[in-house]
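The block underneath contains the structure these notes are about, expressed in structure tokens.
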Amino acid sequence: MPMIFSEHMEQYDLEIVFPQPGPFTTMHSADVDVVAIHGLNIEARYLVHRDTWSYKGKVWPRDILPSCFGKHCRVMLFSYNDGLSVNDEDTQFTKHADRLLRLLMEKRKEDPTRPLVFICHDVGGLIVKEALAKAHLDKSGTIISIDQFTRLLVFFNTPHHNVAKSVRTIASAAVRPTPPEVLDMLDKACNEHVERLAPLEQRGRLYRRRLVINFHACNWYRGKHLLVEKEDTMCNVRHEYWEKHFTVYGDHISMCKFPSSDDVTCETVLKTIGLNTYLAMQMVC
């Protein structure tokens, strides 16, 4: 069970939440692996890897999303130290990406070719992009399958442009004030991230053979301001990218929380994910 993070402990987990683990659970019927990655824990939630996607106990990637795949899927939640109040290492997206890759390889040993879908909230998207970049450049053949079999990327308010500015704005909106030195560490981490990934993004290496969906929150967070500008949530690097962009009527936090499958936003998001996963898998057949 994930714990509250502190500067004295490190906790990473890739929790399988669907199907529920049990003596009769089998993965042979799963057509796709879905991995959800949270962003900065600006509301100081105890279990941010679940609370990011939760509304009154209903975690939609676990309780609603599997219906999009006829329940022939496996859903996992990645948890990591978000770096808002700890040390320099915890602001490094590469560190989190390394742990994500390692855990994915462990979970996918029985079928490393199963298609992958990543669902990401704010900097969770940066972590996934770091992981895909490292997998793409892998010369050993150990982790390259993560890049090869990723079919769909879903981003909720992930900044693809003006990264440092957007992440600082998000971190500054935290309910517990983020120390200035941590904001500076995040600035550094974001700038290093952009520098590392720029060559791959410009050559189209991060998004080829897969579909990209960007959801943007159009409501002000806590009635103050947008945390990520609409233009910054669009990749728009190469015209041939298979990219789609949708506006979500919620703020930076509520855009990931759905009360039920009957909710209009939930229905739109799930249908978009389900349909585009099918299309992405067909495009590479």
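Computed from the coordinates by the stated procedures, all read-outs in this text should not be read as laboratory data. Quick caveat, the model's predicted, so the values are computed rather than measured. Every residue, glycine among them, receives a Cβ derived from its backbone with ideal geometry; neighbour counts consider all protein chains shown.
Annotations for the structure displayed:
- Two-decimal Rg to Rh for segment 163-285 - Kirkwood Rh, Cα set: 1.01
- For the chain, the fraction of alpha-carbon pairs in successive 5 Å shells from zero, as %: 1, 6, 13, 18, 20, 19, 14, 7, 2, 0, 0
- Of all lysines in the structure, those lying under 16 Å Cα to Cα from Lys129, and not within fewer than 8 positions of it along the same chain, are Lys95.
- Exposed GluC sites (Glu not before Pro) absent - longest run of the chain, DSSP non-H/G/I/E/B, at most 10 other C-beta within 10 Å: 111-239
- Across segment 39-120, Cα pairs under 8 Å and at least six residues apart give a relative contact order of 23 percent.
- The charge dipole of segment 13-283, taken about the Cα centre with unit charges on the Cβ atoms of Lys, Arg (+1) and Asp, Glu (-1), comes to about 540 debye, rounded to the nearest 20.
- Estimated from helical segments only, the mean residue ellipticity of the chain at 222 nm is -10500 deg cm²/dmol, where each DSSP H run of four or more residues counts as -39500 (n - 2.57).
- Kyte-Doolittle mean at least 0.5 and Cα axial length at least 18 Å: DSSP H helices in the chain: 123-136, 264-283
- Within the straight-line cut-off of under 19 Å between alpha carbons, the aspartates and glutamates reachable from Lys109 are Asp13, Glu15, Asp31, Asp33, Asp98, Asp138, Asp147, sequence neighbours fewer than 8 places apart in one chain being disregarded.
- Charged neighbours of His245, selected by a Cβ distance under 14 Å, balance to -2 (K, R count +1; D, E count -1).
- DSSP bridge orientation in segment 140-282 - percent antiparallel, rounded to nearest 5: 10
- Exposed loop sites are taken as chymotrypsin sites (Phe, Trp or Tyr not before Pro) in a DSSP loop (any state but H, G, I, E or B) with at most 12 other beta carbon atoms within 10 Å; the longest stretch of the chain without one runs 47-219.
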